[in-house]
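Here is the structure we will look at, set down as structure tokens.
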Amino acid sequence: MKEKTQGKIALVTGASSGMGKVIAEKFIRDGLRVIAAARRIDQMAELEAKGAYAIAMDVSDEASVTSGMQDINDKFGGVDVLINNAGFGLYGAVEDIPLADARYQFEVNMFGAAHLIQKCLPYMRAKQAGTIINISSMGGKIYTPLGAWYHASKHALEGFSDCLRLELAPFNIHVVVVEPGIIQTGFGNVLIDPMVKYSGDGAYGPMVQSIARATEDSYRPGRGSPPRLIASVVSRAVKARRPKTRYVAGQMAGLLLFIRKWFGDRIYDRAVMSQVT
């Protein structure tokens with residue numbers, strides 16, 4: 001199947017670590033010309049050594065995205081495959097999270113992806129071909145306490161992707177959502193710190209402590225699925241003649257999505273709260 005990706009130009013955001021880095025490495029092995037984007041270009045030296053073209057890009061900054069895409073267009077002409085992987089999880093009580101922080105969550109997880117899509121589409125439409133993969137989360141379909149802003153951003157990305165898929169179907173541009181479960185990355189540590197900062201000492205303190213313990217347990221060494229699982233899923237979607245609209249992969253994703261879909265809100269609520277109280 002390597003011939004289906006040979007020479008295609010792929011842009012991967014959030015490529016300095018975690019799933020983004022492993023996806024970029026997988027694409028290089030698949031024969032794609034990989035553009036690795038992240039805020040810290042110095043953290044992508046290993047990818048550059050393997051053949052990636054690294055650019056500094058902050059997806060939450062419109063000027064940074066515009067500048068980065070101009071560089072890409074000048075050097076490559078455009079992008080055949082866009083992987084919107086950059087993102088993070090903001091946790092804390094709705095009552096406590098400053099709206100400025102909530103807006104930033106959406107700037108990274110939702111609007112950053114949307115801006116890149118806008119920049120990539122003219123090239124894809126002209127070629128009547130392209131693949132856009134938005135890395136969502138099982139959190140784009142389910143929910144957990146203290147995660148309102150994170151889940152809202154991922155739910156928004158899912159709805160956005162569904163609409164976009166229909167808009168771009170006449171141009172033979174595929175739009176795919178990937179919903180990872182618990183993956184062996186630094187996501188858990190990033191999640192805990194702001195949650196404790198904003199809600200650890202107030203009325204939500206006991207819940208914060210329970211969720212922090214559950215998160216630490218879920219992301220301790222040996223738990224979760226390896227990032228290469230998601231890289232394989234993304235690679236398969238890019239190679240497919242007619243990819244699925246959604247791919248679910250990673251620890252707990254299938255189980256929690258099944259409970260949410262088939263047992264309803266109240267059963268799901270009890271299942272989640274039994275783990276954090």
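Things to note:
- Order of 262, 149 - criterion: other Cβ atoms within 10 Å of each residue's Cβ, fewest first: 262, 149
- Relative contact order, percent, the chain [alpha-carbon distance under 8 Å, six or more residues apart]: 19 percent
- Taking every alpha-carbon pair under 8 Å whose residues sit at least 6 apart, the stretch 124-164 reaches a relative contact order of 36 percent.
- Of all DSSP bridge pairs formed entirely within the chain, close to 5 percent run antiparallel.
- Furthest towards positive pole of dipole, 272, 215, 233, structure part the stretch 210-277, Cβ charges: 233
- For the chain, built as a Gaussian network whose Cα springs stay under 10 Å, the top-fluctuating residue of 238, 196, 79: 196
- Amide H to amide H distances under 5 Å link residue 86 with 13, 14, where only residues 5 or more positions off or on other chains count and H is placed in the peptide plane.
- For the chain, calculated [θ]222 nm from helices alone, where every DSSP H run of n ≥ 4 adds -39500 (n - 2.57): -16000 deg cm²/dmol
- Part-to-part distance (alpha-carbon centres) for the stretch 168-213 and the stretch 9-73, which is given in Å: 22 Å
- Cα centre as origin, Lys/Arg/Asp/Glu Cβ charges: the chain dipole, Debye: 1360 debye
- Taking label points 7 Å from Cα along the Cα-to-Cβ direction, residue 242 and residue 259 give a separation of 3.5 nm.
- Net charge in the neighbourhood of residue 57 (other residues with Cβ under 12 Å of its Cβ; Lys, Arg +1, Asp, Glu -1) is -1.
Read the figures in this text as sums done on the coordinates, not as results from a lab. Everything numeric in this text was worked out from a predicted model, so none of it was measured. Because the Cβ atoms are built from the backbone with ideal geometry, glycine has one as well, and the counts that use them run over all protein chains shown.
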